[in-house]
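Below is one structure, written out as structure tokens, with a few remarks after it.
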């Protein structure tokens, strides 16, 4: 059965172009001219992945992204936008999108990013993604893509989940920002590395809310590593 994708963009030619390339790759694509219509469609049938433009009537893509992330924490989302400043990219990632592609773009690049993101959230993707990853009181179930911290559920976006999984797998060393970005997006994405810093800020807040002894330590000028404070 084809995987269902939703695309929201107020430009019909862009919607049709994206739909044509993704349909050719075997996906079932539904398109929407605005974010409100897409949100209503998600209530009736949740897709495997959502692609959002930012500048849309009624409700901009950032607002749609934020709303979807609150309602569906595990839903993969890609923003496709002409807004190309580092601030806009970081804003999109802050609100919960998993990737940010700048217009104009090559349709085949979007297809590659869609496939890469869906691979990451596919629990049957590879042998190393089965079982449970553990670091102190933090446990990630790779089969169910769920997380527990201090014996309490930890709600994570797909990118936050993969970020922590990567740090746990490499807990014996610090991991650079560039390495994390390449590992998470699996494509050559020239992103501002502040995106990784912002993701860490979100995770640190979630850790604090659960009184976690697990911390994400910043290695100045390089990247991050996990550490556990003394009880």
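The values are calculated or read from the model by the stated rules, or taken from the named source; none is laboratory data. Nothing here was measured: the structure is a model prediction, and the numbers come from that model. Methodologically, a virtual Cβ is constructed for each residue, glycine included, from the backbone with ideal geometry; neighbour enumeration extends over all protein chains shown.
What the table shows:
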quantity	calculated
Hits in segment 59-84 (condition: in contact with a strand residue (DSSP E or B) (Cβ under 7 Å, 6 or more places away or on another chain) and in a helix (DSSP H, G or I))	61, 64, 65, 68
Qualifying residue in segment 159-166 (condition: loosely packed, with under 15 Cβ neighbours inside 10 Å, assigned by TED's automatic domain parsing to the domain that holds residue 221 and closer than 21 Å to residue 201 by Cβ)	no
From 93, 101, 110, residue being surrounded by 14 or more Cβ atoms within 10 Å (Cβ to Cβ), without any contact (Cβ under 8 Å) to a residue 60 or more places away in the chain and in contact with a helix residue (DSSP H, G or I) (Cβ under 7 Å, 6 or more places away or on another chain)	101
Candidate set from segment 168-201 (those that are at pLDDT 75 or above and not in a helix (DSSP H, G or I)); member that is surrounded by the fewest Cβ atoms within 10 Å (Cβ to Cβ)	172
For residue 7: the one exception among (1) out of contact with any strand residue (DSSP E or B) (no Cβ under 8 Å at 6 or more places or on another chain); (2) modelled with pLDDT of 95 or more	(1)
Qualifying positions in segment 70-90 - in contact (Cβ under 8 Å) with a residue 60 or more places away in the chain and surrounded by fewer than 17 Cβ atoms within 10 Å (Cβ to Cβ)	73, 74, 86
Among (1) surrounded by fewer than 16 Cβ atoms within 10 Å (Cβ to Cβ); (2) modelled with pLDDT under 90; (3) more than 19 Å from residue 77 (Cα to Cα) - the single one residue 125 does not satisfy	(3)
Scan of segment 34-58 for residues that are assigned to a loop (DSSP other than H, G, I, E, B) and buried (at least 17 other Cβ atoms within 10 Å of the Cβ), ordered by number	34, 47, 48, 53, 54, 56
